[in-house]
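Computed from the coordinates by the stated procedures, all read-outs in this text should not be read as laboratory data. Since the structure is predicted, the reported quantities are computational estimates derived from the model, not experimental observations. Neighbour counts run over all protein chains shown; Cβ positions are idealised from the backbone, glycine included.
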Amino acid sequence: MCNQAVSLVAAELERRGIATVAIQLLRDVAERVRPPRALFVPFRHGYPLDLPSNPARQHAVIEAALRLLEDSDLRPPALVDLELPGS
Amino acid sequence: MGEIAEFSLAVRTYLRAYRWRKIDPVPWAPLDKPLSDCRLALVSSAGFVTPDQAPFDDSVRGGDASFRSIPSDFPVDELIDTHRSDSFDHEGMVRDPNLAFPIDRVRELVESRRIGSVAGEHISFMGSITAPRRLVRDSAPEIAHRLREGGVDVALLVPV
């Protein structure tokens, strides 16, 4: 339900002109709900940035999300898989 | 890997029959300036509150659609997990709230000039919302209004 909830909020933010990127933990839910711009991460629930107390790993996930904001080739709904070394 | 198979049989059965809300049409706000000139806000569904805020309420039918404003300079270690779901492991985000509410990481992105600035407030809510009508009708527009008033250009949304 968290995945749907953040997607619905993201949609409203986009309607008001705020560019969003939503992390998603369930790919099939993201495909159904269709958040505007989403990064699918292969992590278990409760661990959206992968590892606690690991700033480098958390930064790597956030950086991948930020790159989606900068990708002018993306079109809505954009759902991109996270690709990290060691994932 | 986040999979529905992680959940209990009761939750899996519920989810199989659940009618997910389809966003249609899908809105789109393209980024119109460099991230280094943008103000970023976090929106997390991890159910964190500050010690002086009311916890989220899992007795609300259909889910608690309220939200809390978390001041940007609030110490992340003092956030309290009030997400009531037992469908995920809370241990990681209790140990390090940055895992689901990465305030420290956002500050570091400002320091490194990857993003321009951090919003004055971030948004926290509890994502276990099975009937999202109030979220869509009331909370989401109010969140959008607040962030726009705060000069926010981009938002990172983090579920758990």
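Between segment B:11-84 and segment B:94-150, the C-alpha centres lie 7 angstrom from each other.
Note on segment B:1-95: Cα-Cα pairs beyond 22 Å make up 51% of the total pair count.
For B:His145, project a label point 7 Å along Cα to C-beta. Then give me every residue of segment B:115-139 with its amide nitrogen under 12 Å of that point. Taking a point 7 Å out along Cα→Cβ of B:His145, the residues of segment B:115-139 whose backbone N falls under 12 Å are B:138-139. Taking other C-beta atoms within 10 Å as the exposure proxy, A:Thr20, B:Thr13 rank B:Thr13, A:Thr20 from fewest upward.
A cut-off of 5 Å between modelled amide H atoms, ignoring neighbours fewer than 5 places along the same chain, links B:Phe48 with B:Thr82, B:Phe125.
Over chain B, dividing the summed -39,500 (n - 2.57) contributions of all DSSP H runs of at least 4 residues by the number of residues returns a 222 nm mean residue ellipticity of -5500 deg cm²/dmol. Remark on the protein assembly as shown: hydrodynamic radius 17.5 angstrom, per the Kirkwood mean of 1/r across alpha carbon pairs. Its alpha carbons give chain A an Rg and a Dmax of 12.5, 37 Å.
Helix-only arithmetic for chain A: the sum of -39500 (n - 2.57) across DSSP H runs with n ≥ 4, divided by the residue total, places the mean residue ellipticity at 222 nm at -13500 deg cm²/dmol.
The H on the amide N of B:Ile70, modeled in the peptide plane, is under 5 Å from the matching H of B:His122, B:Ile123, B:Ser124, each at least 5 residues off or on a different chain.
If both residues of a DSSP beta bridge must be in the protein assembly as shown, then about 30% of such bridges are antiparallel.
Applied to segment B:113-125, the Karplus parametrisation 6.51 cos²θ - 1.76 cosθ + 1.60 on θ = phi - 60° returns per-residue 3J(HN,Hα) values of 6, 5, 10, x, 7, 9, 4, x, 9, 10, 10, 10, 8 Hz, with x for Gly and Pro. Spacing of the modelled spin labels on B:Val11 and B:Glu108, each 7 Å from Cα toward Cβ, amounts to 2.9 nm. Coupling constants for segment B:145-160 follow from the phi torsions by the Karplus curve (6.51 cos²θ - 1.76 cosθ + 1.60, θ = phi - 60°), and in residue order they are 4, 4, 5, 5, 4, x, x, 6, 9, 9, 9, 9, 10, 10, x, 10 Hz; glycine and proline get x. At the listed q of 0.16, 0.17 Å⁻¹, the Debye profile of chain B, built from one uniform point per Cα, gives log10 I(q)/I(0) equal to -1.01, -1.13.
For segment A:74-83, backbone phi angles converted through the Karplus equation (6.51, -1.76, 1.60; θ = phi - 60°) give residue-by-residue couplings of 5, 10, x, x, 9, 10, 10, 7, 5, 10 Hz, Gly and Pro being listed as x. Where both bridge residues fall in segment B:33-158, DSSP classifies roughly 45% of the beta bridges as antiparallel. Amide hydrogen proximity for A:Leu79: with H placed 1.01 Å from N in the peptide plane, the residues at 5 or more positions away or on another chain lying under 5 Å are A:Ala38.
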